[in-house]
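**Student:** Below are the structure tokens for one structure; questions will follow.
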Amino acid sequence: MEKGVDVWWDEYRFRCADGHYVDIFDRGHIRCDKKDTPIRLVGSMMNITERKSAQEALRVSETHYRLLA
């Protein structure tokens, strides 16, 4: 907010209540009033664990293929 940016996003690992971890894509938008005072952060968190696992599997597969070729 100090930099004048009103949109935020990041990817990170998140520890769930039961102790396991998931990969998260998090994004948010800062809502301001007419005086540009921040009043609310609206956003969502999306579980991208399967996508990250698929990307890693593809990377490993490509590495093995390149070693064979």
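**Student:** Name every residue in the stretch 41-61 that is more than 16 Å from residue 9 (Cα to Cα) and open to solvent by 80 Å² or more (accessible area, probe 1.4 Å), in order of residue number.
**Tutor:** 50, 51, 55, 56, 58, 59, listed by residue number.
**Student:** Quick one: residue 6 ticks every box in (1) exposed (fewer than 12 other Cβ atoms within 10 Å of the Cβ); (2) touching a His at 6+ places or on another chain (Cβ under 9 Å); (3) among the charged types (D, E, K, R) except a single one, so which number is it?
**Tutor:** It fails just one condition, (1).
**Student:** Let me ask something additional. Which numbered condition trips up residue 17, out of (1) hydrophobic (A, V, I, L, M, F, W, C); (2) in contact with a Lys or Arg (Cβ under 7 Å, 6 or more places away or on another chain); (3) without any contact (Cβ under 8 Å) to a residue 12 or more places away in the chain?
**Tutor:** (2)
**Student:** In the list 13, 66, which residue meets the criterion of being of a type in the set (Lys, Arg), open to solvent by 60 Å² or more (accessible area, probe 1.4 Å) and modelled with pLDDT of 95 or more?
**Tutor:** Of the residues listed, the single one that is of a type in the set (Lys, Arg), open to solvent by 60 Å² or more (accessible area, probe 1.4 Å) and modelled with pLDDT of 95 or more is 13.
**Student:** Just give me the residues in the stretch 16-27 being farther than 20 Å from residue 51 by Cβ and either surrounded by 10 or more Cβ atoms within 10 Å (Cβ to Cβ) or not charged (D, E, K, R) (or both), in sequence order.
**Tutor:** 17, 19
The values are calculated or read from the model by the stated rules, or taken from the named source; none is laboratory data. Since we're looking at a predicted model, the values are computed, not measured. Neighbour counts are summed over all protein chains in view; Cβ atoms, including those assigned to glycine, are modelled from backbone coordinates with ideal geometry. Quick note on the areas: whole protein, heavy atoms, side chains included, nothing else; ligands and nucleic acids left out. Shrake-Rupley method; radii C 1.70, N 1.55, O 1.52, S 1.80 Å.
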